[in-house]
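Have a look at the structure below, then the notes.
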Amino acid sequence: MDKTALKARLRQQKIETPSWGYQDSGTRFGVFAQPWAAKTIEEKFEDAGQVHKYTGICPTVALHIPWDTCADWSKAKAMAASHNLTIGAINPNVFQDKDYQFGSICHRDERVRAKAIKAHVDCIEIGKATGSDCLSLWFADGTNYPGQDSFRERKHRMQDSLAKVYAALPKGMRMIVEYKFFEPAFYHTDIQDWGSSLLLCQKLGEQAQVLVDTGHHSQGCNIEHIVAILLDEGKLGGFHFNSRKYADDDLTVGSLNPYELFLIYNELVGAEHSSDAKVKACAQRVAYMFDQCHTHKPTVEAIMQSAIHVQEIYAKALLVDQAALASARAAGDLVQAEEVLQDAYKSDVRPMLAELRQDMGLDPEPLKAFRRSGYLQKKAEERQARRAKAGQAAQTMGAGFPT
Ligand code: PSV
Ligand code: MN
């Protein structure tokens, strides 16, 4: 692909950032506060606006309800627009309320299921008010002990509840269903893998698709293969990108397994130009999002770094010589087929991306430019002062945190 075509494709790339990535986060062992961390939805939009301002590829923000609150959702759209953003996926949270301890839409008690279904329908309304076209679902539903509940009954409850949510979707809004093999449930999880999610989505209808969170697989699982199958079925709805070493570690995407991410993108690039219209349409509508937890890195910088990583990986995947790959495969030449991939992967795309940013009126080095702006320090002072006025405790960083 020549440079002009490459740049044109890269200009189309969009990655959604999560509102919850700008707030304080932690593990079950503790939450580490950052003095600039966003708390209100407005502060989250402000931070997300910075990521988009410097990278040029993150124009939408995903919301998590009720982590995000807003007195009047119809105003949230304008609030986001004032930071050059639009609202992306709405994520209903049905895993923290104490009623959901033994499940939400799979719960044995019909009243709990009804409450969870209503939470989803409310999120659809939030989506309509904010201009979102995507409802992004993940369920902590599962059991901890053998015998605790009937797998099959839970499967039916899940299907019936989701059918009610699906019926409330307006035309043009998608439902993307995320799977995860364990945690917080440790014996079984109701939507444990891509197959379970796909089965549900196939029964629900065209507006339901599968969401792949890269951290939600067992060790050694071939994610790019899953991606290829879902694309081929026209059922890949989106990604939650993050990196992991052990479990669902939610580390910065590309920090540990960049070659895996490249191979995932290689499947996507192939599908974007597939001769199969269904596959092509599916690839072109994939929602790319981050789902990460920045316990040890400054929030906004970590998200900016993630966007740059993904942009670099996509650029490398675009450089794969598809014709050469096809002929090496046809000839059964394993070495050459792999060389084609490695050749693209080893290319240094950074000078081209710096040039592209300049073409787009951006600084060629987004992270450095952001650091020069002093935004985090400014926000730390401003937000701490605002909180002090409201009588909230000051947030201090641990020793050794970058200043
Ligand atoms: C669950 O681990 C998950 O990946 C879901 O997407 C949740 O919405 C998100 O993390 C919360 O961070
Ligand atoms: Mn996720």
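Every read-out reported here was derived from the displayed coordinates using simple, explicitly stated rules and does not represent laboratory data. Computed from a predicted model, the values in this text were never measured in an experiment. Positions of Cβ are backbone-derived with ideal geometry, glycine not excepted, and every protein chain shown enters the neighbour counts.
Descriptive notes on the structure:
- Cβ-Cβ under 8 Å pairs, at least 6 apart or on other chains, the stretch 283-310 side under 23 Å from Val177 (Cβ atoms), far side among the β-branched types (Val, Ile, Thr) and in a strand (DSSP E or B): Ala287/Ile176; Met289/Thr17; Phe290/Thr17; Cys293/Thr27
- The helices (runs of 4 or more DSSP H) found wholly in the stretch 234-324 and carrying at least 1 residues that are more than 24 Å from Gln219 (Cβ to Cβ), within 16 Å of ligand 2 (Cβ to nearest atom) and in contact with a Ser or Thr (Cβ under 9 Å, 6 or more places away or on another chain) occupy 299-318.
- Against the test of being touching a residue at least 60 places away in the same chain (Cβ under 8 Å) and within 25 Å of Lys297 (Cβ to Cβ), the options Arg383, Arg350 yield a single qualifying residue, Arg383.
- Residue check: Ala330 meets all listed conditions (1) buried (at least 23 other Cβ atoms within 10 Å of the Cβ); (2) free of Cβ contacts under 8 Å to residues at least 12 places away in the same chain but one, namely (1).
- Subset of the stretch 286-317 (residues that are in contact with a Pro (Cβ under 9 Å, 6 or more places away or on another chain) and under 14 Å from Phe239 (Cβ atoms)): Met289, Phe290, Asp291, Gln292, Ala307, His309, Ile313
- Test result for Val112, crowded, with 18+ Cβ neighbours inside 10 Å, away from ligand 1 (no atom under 16 Å from the Cβ) and not aromatic (Phe, Trp, Tyr): yes
- The listed residue being away from ligand 1 (no atom under 13 Å from the Cβ) and either under 23 Å from the mean Cα position of the chain (by Cα) or more than 23 Å from Glu233 (Cβ to Cβ) (or both), out of Val177, Val165: Val165
- Taking residues in the stretch 186-198 that are in contact (Cβ under 8 Å) with a residue 24 or more places away in the chain and under 18 Å from Ser104 (Cα atoms), and partners anywhere that are of a type in the set (S, T, N, Q) and not in a loop (DSSP other than H, G, I, E, B), the pairs with Cβ atoms closer than 8 Å and at least 6 places apart or on different chains are Tyr187/Thr143; His188/Thr143; Asp190/Ser196; Ile191/Ser197.
- Ser150 vs. criteria without any contact (Cβ under 8 Å) to a residue 24 or more places away in the chain and touching a strand residue (DSSP E or B) at 6+ places or on another chain (Cβ under 8 Å): no
- Scan of the stretch 189-209 for residues that are more than 13 Å from ligand 1 (Cβ to nearest atom) and of a type in the set (A, V, I, L, M, F, W, C), ordered by number: Trp194, Leu198, Leu199, Leu200, Cys201, Leu204, Ala208
- Of all residues in the stretch 368-400, those satisfying the criterion of being surrounded by 14 or more Cβ atoms within 10 Å (Cβ to Cβ) and hydrophobic (A, V, I, L, M, F, W, C) are Ala369, Phe370, Leu376, Ala380, Met397.
- Among the residues of the stretch 129-151, the ones that are within 16 Å of ligand 2 (Cβ to nearest atom) and within 17 Å of Ile191 (Cα to Cα) come to 8 in all.
- Test: residue in the stretch 231-250 that is away from ligand 1 (no atom under 16 Å from the Cβ), over 14 Å from the mean Cα position of the chain (by Cα), buried (at least 21 other Cβ atoms within 10 Å of the Cβ) and not charged (D, E, K, R): yes
- Some residue of the stretch 131-142 being closer than 30 Å to Ala81 by Cβ and aromatic (Phe, Trp, Tyr): yes
- Failed item, numbered, when Asn91 is tested on (1) out of contact with any helix residue (DSSP H, G or I) (no Cβ under 7 Å at 6 or more places or on another chain); (2) in contact (Cβ under 8 Å) with a residue 40 or more places away in the chain; (3) away from ligand 1 (no atom under 16 Å from the Cβ): (3)
- Tabulated pairs, the stretch 171-182, first among the basic types (Lys, Arg), second within 11 Å of ligand 1 (Cβ to nearest atom) and in a strand (DSSP E or B), C-beta under 9 angstrom, 6+ apart or interchain: Arg174/Ala89; Arg174/Ser136; Arg174/Gly238; Lys180/Thr189; Lys180/Asp213
- Any hit, the stretch 154-162, residues being within 19 Å of Ile264 (Cβ to Cβ) and surrounded by fewer than 19 Cβ atoms within 10 Å (Cβ to Cβ): no
- For Lys171, the stated conditions do not hold, so it cannot be described as surrounded by fewer than 20 Cβ atoms within 10 Å (Cβ to Cβ), of a type in the set (Lys, Arg), more than 16 Å from ligand 1 (Cβ to nearest atom) and outside any loop (DSSP other than H, G, I, E, B).
- The stretch 105-124, residues that are in contact (Cβ under 8 Å) with a residue 40 or more places away in the chain and away from ligand 2 (no atom under 16 Å from the Cβ): Ile105, Cys106, His107, Arg108, Arg113, Ala116, Ile117, Ala119, His120, Val121, Asp122, Ile124
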